[in-house]
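Below: one structure, written as structure tokens.
The values are calculated or read from the model by the stated rules, or taken from the named source; none is laboratory data. This structure is a prediction, so every number in the text was calculated from the model and none was measured. Positions of Cβ are generated from backbone atoms using ideal geometry, with glycine treated the same way; all protein chains shown enter the neighbour counts.
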Amino acid sequence: MIEWPTDLVRDIAARRSVLFLGAGVSRNAESAQGVHPREWKDFLRHLASLMIDATQRAEVEQCVTDADLLTACELCRKYLSPPVFKTEMLKEFSGNGYRPAKIHDDLSLVDSRLVMTTNFDKLYENRANQLQDNTVIVKNYYDKDVADVFRRQDRVVLKVHGTIDVPDQTIFTRSQYALARRDYGHFYQLLRGLFVTHTFVFLGASMRDPDMQLLLEDHAYRFEGARPHYIAMPQNSVRAGTLRVMEETMNLQALQYDPAHNHQALASSVAALVPLVEAAREEIAGTAGW
């Protein structure tokens, strides 16, 4: 179980936090047949299996083995025809009938005003709107009015890599990352501002995302002495030295948990966070300490 730091609980309670949800959260979802969403590596291997050319297939599989997932994504998009690639995206992230898990409910009950996600699926925002009486606004990185929601009081889900509703504008490959930085630089400026004013909590997310790495490193070295952001991560998922470098260069504090039983400890930890935040909100309300 994760021991949630008091400062972090208070930031969430005061709605000065951003929950950042990665693919690990969606992995908790399940279809009626008991199937969970694929991990990225498995999805890329599935795409490779559709390739007729054995050389191309082997090239993608080697990239996956080498953990060069962005290049593997780029090659899949290049080697498969656009209609096939789009169909497979829709099948995986929209067509399998995955149902939200309890962790989605608990994350919604934490009631962070700002939630960001790199996930293409709509599991969290759909469930949050069910539980929050359809009061959650969903914005994508490419929306022209995305800045408008930052200073309002509404609950917001920001889709950092787009949504499966518009597959052609999802950020999935190496070139798409570069194009997004070129064409939507204003969105990344907004993220830089949030790193200064809000505490980020990364859940089910890795730091392999090049955009997040750059933003966190930039923030860490521009604002030395700032309080850390947080990342929940499985124990022993990275070597001790690598973890120390990551914490120092990105100003992150790792909150580690036992990954056994399909990361059950993460879901249990999020469930335990809900009453902590509720109690902190009652305390803040009692003292008008907003």
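Filtered by the rule that a residue be in contact with a helix residue (DSSP H, G or I) (Cβ under 7 Å, 6 or more places away or on another chain), charged (D, E, K, R) and crowded, with 19+ Cβ neighbours inside 10 Å, the range 1-55 gives a lone residue, ARG10.
Of the residues making up the range 202-214, just one is closer than 21 Å to VAL146 by Cβ and at pLDDT 90 or above, namely PHE202.
Each residue in the range 194-206 was checked for being over 11 Å from PHE20 (Cβ atoms) and aliphatic (A, V, I, L, M), and 1 pass.
Would you mind finding the one in ILE12, ILE2, ILE52 that is among the aliphatic types (A, V, I, L, M) and farther than 27 Å from ALA232 by Cβ? None of the others qualify; the one that does is ILE52. Only one entry in ARG15, ARG10 is in the same structural domain as PHE172 (by TED's automatic domain parsing) and on the phi > 0 side of the Ramachandran plot, namely ARG15.
Being within 21 Å of ASP121 (Cα to Cα), in contact (Cβ under 8 Å) with a residue 12 or more places away in the chain, charged (D, E, K, R) and assigned to a loop (DSSP other than H, G, I, E, B) is a property that holds for ARG38.
Looking only at residues in the range 257-280 that are outside any helix (DSSP H, G or I) and surrounded by fewer than 17 Cβ atoms within 10 Å (Cβ to Cβ), the one that is modelled with the lowest pLDDT is PRO259.
The rows are residues; the columns are (1) modelled with pLDDT of 95 or more; (2) in contact with a strand residue (DSSP E or B) (Cβ under 7 Å, 6 or more places away or on another chain).
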position: GLY95; (1), (2): no, no
position: ASP105; (1), (2): yes, no
position: VAL115; (1), (2): yes, yes
position: LYS139; (1), (2): yes, yes
position: VAL157; (1), (2): yes, yes
position: GLY162; (1), (2): yes, yes
position: ASP165; (1), (2): yes, no
position: PHE172; (1), (2): no, no
position: GLN176; (1), (2): no, no
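For the range 181-199, the count of residues that are within 26 Å of GLU39 (Cα to Cα), at pLDDT below 95, assigned to a helix (DSSP H, G or I) and over 16 Å from the mean Cα position of the chain (by Cα) is at least one.
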